[in-house]
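J.: Let me give you the structure first, and then I'll get to my questions.
The values are calculated or read from the model by the stated rules, or taken from the named source; none is laboratory data. Small disclaimer: the values here were computed from a predicted structure and weren't measured. Reconstructed Cβ throughout: ideal geometry from the backbone, glycine too, with neighbour counts over all protein chains shown.
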Amino acid sequence: MKKSALLFCIILGLFSCNQNKDMGNNRITIQNFQNYDQHSFAKPQEALITHLNWDAIIDFDRKTIQAVAQYDILKYPKSKKIILDTKNLDIQKVWRNQNDSIEYELKEINELLGQALHIPLSKDTKTISIQYKTSPDAEALQWLNAQQTTGNSPFLFTQSQAILCRSWIPIQDSPGIRFTYEAKVKVPEGNLALMSAENPKEKDTTGYYSFKMQQPIPAYLMALAVGDLEYHKTGSETGIYAEPATMEKAIADLEDLQSFLETAEELYGGYRWEQFDVLVLPPSFPFGGMENPRLTFATPTILSGDKSLVSLIAHELAHSWSGNLVTNATWDDFWLNEGFTVYFEYRIMEALYGKDYSEMLASISLKELKQESKELIDNGNAKDSHLKLDLEGRNPDVGMTAIAYDKGYFFLRKIEELTGRERFDNFLKQYFNEYTFESINTEQFLLYMEQNLFGKNDIELPKDLFSNWVYGAGIPDNLPEPNSERFRKVENSIAKWLNTGNIDTLKTQDWSTHEFLHFFHQMPDSIEYTEVKALDEKFDFTISGNAEILTEWFLLAIKKDYRTAYGAMENFLVNTGRKKFLMPIYSELVKTETGKRLALNIYKKARQNYHYVSYNSLDKLLNYSTD
Ligand code: BES
Ligand code: ZN
């Protein structure tokens, strides 16, 4: 080991220096768990799960899942127990091996983490089984009635990341612990069930479905969706699942999935999950996308009709390498999942649509980063602008900021700039291969990069690179600036419009969604009500079908009190559950007293359509209480 690298390890108090010595080929050994995960009760160094057999009945009437989870376990010879994470589960019975029923302990409730389930082990324990029922308000689950979907049939979907899997499966809910799984799921007739696994393509009239996931995954990638769904194949390894009423729209935007997959493979090596399908969910899905392996979950708000929001699919696809194959060891290392994925996403978009396209995305990233970084520092949370986070005692979802995504992206772009694209690409490919189906923390990655990218190519590692980017606040001075020709054109267009006062100087025929977003971001505060009205008359923003554009438009409408847009805004807020849109709109509304009243009125109607991750944040923002 190079001296500087060794020093680096010591300085960071890194425990993984001697890791390579005794690891051998089989890295799934108990000794391998040096990463303490403060968001899980599990003690993998004592005993861990390696395979799950899940048998479940989905009950839409009671909004519960009745299930048995059976685990194969691996234990340290002296271990006396295994610890699983649970949250709000009704544990009915626990047994070892075939039928050795035993006393278990369900520890005290922690608001954030749930309850530890301690199961005693004996010398010959090979499997443990847990019979349990989920609660109707299990945090991962969203049960939709027929009116809340685009079809006319109830729907269930899960969202496990970051620490919600434990609310529907008792499990070791830590990104450093992987297992394979099989499942048997019974759903009401007429429904299709899908998981983050090998999936059926057609409905089964009996309502029984079987699943198999042969690649080991962490718990946050466990996923289930049940509804009136159909399948459309888009290529030999790709396809779309959607409700029948949405399918046509979904195909229009997502028909190129196969070329996305092939482009990604060309960049960073073979796709390891065999199949890449996208499930288009009902609009209440709280995120843009979720990289559930083999079956990305996506919001219907990316269906813009002109394919201009498909970078989100490139993002979730990229997670098949960064995140799903090589996983952040703890949520403090979240940037390893998201920063890499944004970098990879933009590379896919560059390969498919050209550099002038991907530079628009990078420019938007920079804007988000500047805003987030300023807010964090101004609010006294400068440490949350470090790439390496410290989320102790907090919900890991608070790490879902532009820091992990965009500062992470620019850090990797910086490395690319320092080492050259070819070397960096080779290194990334090697990194994904080296850590396939493993978890890694920030320090392990930095060390690996120092040795295998800088050291190997004899490139000097700039002295303050890591302390500025990874362990330092805000935006380092040496940030690589994106250069977007297309955005410059938008800026010129705005200048002309504002100088001449002639709205017809705005030439928007060739604009994609990104150019429109830039247009809104660049609009000066001084713009007046009459100009807002004129914009609407010319571009019909109020009735736009594009959720990204609508959100920017509503923000402007609220600021300028352009009430013509309020009906459409209410309709949008009631029908869309994506947190990224809801938070800014409600936040803008609550800035004035009348706005606050309007927000609360809308929220009362809308809340039932939101998933826990959205209403949990909105309840706080709006000071809303259900009791
Ligand atoms: N894995 C994330 C979603 C996530 C992060 C869920 C943290 C829960 C906790 C997903 O890959 C993601 O980043 N989605 C983004 C889209 C993307 C294009 C930035 C989203 O949903 O907005
Ligand atoms: Zn992501």
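So that you can scan it fast, the table gives a plain yes or no per residue for (1) closer than 20 Å to N53 by Cβ; (2) free of Cβ contacts under 8 Å to residues at least 12 places away in the same chain; (3) part of a loop (DSSP other than H, G, I, E, B):
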| residue | (1), (2), (3) |
| --- | --- |
| L117 | yes, no, no |
| P136 | no, no, yes |
| S153 | no, no, yes |
| F157 | no, no, no |
| S160 | yes, no, yes |
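J.: Residues in region 334-350 that are within 11 Å of ligand 1 (Cβ to nearest atom) and of a type in the set (D, E): how many?
T.: Number of matching residues: 2.
J.: Right, another one. Here is a list of conditions, (1) more than 10 Å from ligand 1 (Cβ to nearest atom); (2) surrounded by fewer than 23 Cβ atoms within 10 Å (Cβ to Cβ), and L312 meets all of them except one; can you say which number that is?
T.: Every listed condition holds for L312 apart from (1).
J.: Among the numbered conditions (1) within 16 Å of ligand 2 (Cβ to nearest atom); (2) farther than 27 Å from L221 by Cα; (3) not β-branched (V, I, T), tell me where D397 comes up short.
T.: (2)
J.: Condition (residue is farther than 25 Å from G323 by Cα, in contact with a strand residue (DSSP E or B) (Cβ under 7 Å, 6 or more places away or on another chain), assigned by TED's automatic domain parsing to the domain that holds I91 and at pLDDT 95 or above) applied to region 163-173: is it met by at least one residue?
T.: no
J.: Going through region 238-258 one residue at a time, which ones are assigned to a strand (DSSP E or B) and polar (S, T, N, Q)?
T.: Correct list: T238 only.
J.: On to the next question. Just to confirm my filter: which strands (runs of 3 or more DSSP E) fall fully inside region 55-109 and include at least 2 residues that are in contact with a helix residue (DSSP H, G or I) (Cβ under 9 Å, 6 or more places away or on another chain)?
T.: Passing ranges, in order: 64-75, 81-86.
J.: What pairs come up if the first residue lies in region 434-445 and is within 16 Å of Y271 (Cα to Cα), the second is of a type in the set (A, V, I, L, M, F, W, C), and their beta carbons are under 6 Å apart, counting only those six or more places apart or on different chains?
T.: Y435/V326; T436/L325
J.: Just give me the residues in region 142-162 being in contact with a strand residue (DSSP E or B) (Cβ under 6 Å, 6 or more places away or on another chain) and among the hydrophobic types (A, V, I, L, M, F, W, C), in sequence order.
T.: Listed by number, the residues that qualify are W143, L144, F155, L156, F157.
J.: Among the residues that make up region 580-603, is at least one of them within 16 Å of ligand 2 (Cβ to nearest atom), out of contact with any Leu (no Cβ under 8 Å at 6 or more places or on another chain) and of a type in the set (K, R)?
T.: Looking through region 580-603, at least one residue is within 16 Å of ligand 2 (Cβ to nearest atom), out of contact with any Leu (no Cβ under 8 Å at 6 or more places or on another chain) and of a type in the set (K, R).
J.: Taking A252 and the conditions (1) under 22 Å from M400 (Cβ atoms); (2) more than 16 Å from ligand 2 (Cβ to nearest atom), which numbered condition does it fall short on, given that it satisfies the others?
T.: Failed condition: (1).
J.: Determine, yes or no, whether G577 is assigned to a loop (DSSP other than H, G, I, E, B) and surrounded by 14 or more Cβ atoms within 10 Å (Cβ to Cβ).
T.: Considered against the rule, which asks whether it is assigned to a loop (DSSP other than H, G, I, E, B) and surrounded by 14 or more Cβ atoms within 10 Å (Cβ to Cβ), G577 comes out as yes.
Conditions tested, residue by residue: (1) farther than 25 Å from K201 by Cβ; (2) among the charged types (D, E, K, R); (3) touching a helix residue (DSSP H, G or I) at 6+ places or on another chain (Cβ under 9 Å); (4) within 11 Å of ligand 2 (Cβ to nearest atom).
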| residue | (1), (2), (3), (4) |
| --- | --- |
| Y271 | no, no, yes, no |
| P282 | no, no, yes, no |
| P286 | yes, no, yes, no |
| G289 | no, no, yes, yes |
| G323 | yes, no, yes, yes |
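J.: Is it true that some residue in region 136-147 is closer than 14 Å to M222 by Cβ, crowded, with 17+ Cβ neighbours inside 10 Å and not small (G, A, S)?
T.: Within region 136-147, one or more residues are closer than 14 Å to M222 by Cβ, crowded, with 17+ Cβ neighbours inside 10 Å and not small (G, A, S).
J.: Give region 332-347 a look and list any residue that's within 13 Å of ligand 2 (Cβ to nearest atom) and touching a helix residue (DSSP H, G or I) at 6+ places or on another chain (Cβ under 7 Å), or say none.
T.: Answer for region 332-347, where residues must be within 13 Å of ligand 2 (Cβ to nearest atom) and touching a helix residue (DSSP H, G or I) at 6+ places or on another chain (Cβ under 7 Å): F334, W335, L336, E338, G339, F340, T341, V342, Y343, F344, E345, Y346.
J.: Another one. So T564 passes all but one of these: (1) surrounded by 17 or more Cβ atoms within 10 Å (Cβ to Cβ); (2) under 23 Å from F519 (Cβ atoms); (3) away from ligand 2 (no atom under 16 Å from the Cβ). Which condition number does it fail?
T.: (1)
J.: Residue check: is N379 under 28 Å from Y36 (Cα atoms) and either surrounded by fewer than 19 Cβ atoms within 10 Å (Cβ to Cβ) or in contact with a Leu (Cβ under 9 Å, 6 or more places away or on another chain) (or both)?
T.: Here the answer is no, as N379 does not meet what is asked.
J.: State whether the residues of region 358-372 include one that is away from ligand 2 (no atom under 13 Å from the Cβ), surrounded by fewer than 20 Cβ atoms within 10 Å (Cβ to Cβ), in a helix (DSSP H, G or I) and among the β-branched types (V, I, T).
T.: Checking region 358-372: at least one residue is away from ligand 2 (no atom under 13 Å from the Cβ), surrounded by fewer than 20 Cβ atoms within 10 Å (Cβ to Cβ), in a helix (DSSP H, G or I) and among the β-branched types (V, I, T).
J.: Just one of (1) within 30 Å of N379 (Cβ to Cβ); (2) at pLDDT below 95 trips up D510, so point out which.
T.: (1)
Yes/no per residue for (1) over 21 Å from K43 (Cβ atoms); (2) under 27 Å from the mean Cα position of the chain (by Cα); (3) not assigned by TED's automatic domain parsing to the domain that holds P170:
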residue: I65; (1), (2), (3): yes, yes, no
residue: V68; (1), (2), (3): yes, no, no
residue: K78; (1), (2), (3): no, no, no
residue: I91; (1), (2), (3): no, no, no
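J.: Then there's this: Could you tell me which of the residues A298, A351 is more than 14 Å from ligand 2 (Cβ to nearest atom), at pLDDT 95 or above and either under 28 Å from E481 (Cα atoms) or of a type outside the set (K, R) (or both)?
T.: Answer to the selection: A351.
J.: Among the residues of region 222-245, count how many are of a type in the set (D, E, K, R) and in contact (Cβ under 8 Å) with a residue 40 or more places away in the chain.
T.: 2
J.: Restrict the check to region 283-297 and report whether at least one residue is within 13 Å of ligand 1 (Cβ to nearest atom) and either free of Cβ contacts under 8 Å to residues at least 60 places away in the same chain or farther than 22 Å from M195 by Cα (or both).
T.: Yes; the residues of region 283-297 include at least one that is within 13 Å of ligand 1 (Cβ to nearest atom) and either free of Cβ contacts under 8 Å to residues at least 60 places away in the same chain or farther than 22 Å from M195 by Cα (or both).
J.: Has region 584-591 got any residue that is out of contact with any helix residue (DSSP H, G or I) (no Cβ under 7 Å at 6 or more places or on another chain) and over 19 Å from E368 (Cβ atoms)?
T.: Looking through region 584-591, at least one residue is out of contact with any helix residue (DSSP H, G or I) (no Cβ under 7 Å at 6 or more places or on another chain) and over 19 Å from E368 (Cβ atoms).
J.: Residues that are closer than 30 Å to F424 by Cβ and not small (G, A, S): list the helices (runs of 4 or more DSSP H) wholly contained in region 456-558 that include at least 3 such residues.
T.: The helices (runs of 4 or more DSSP H) meeting that bar are 465-469, 485-500, 513-522.
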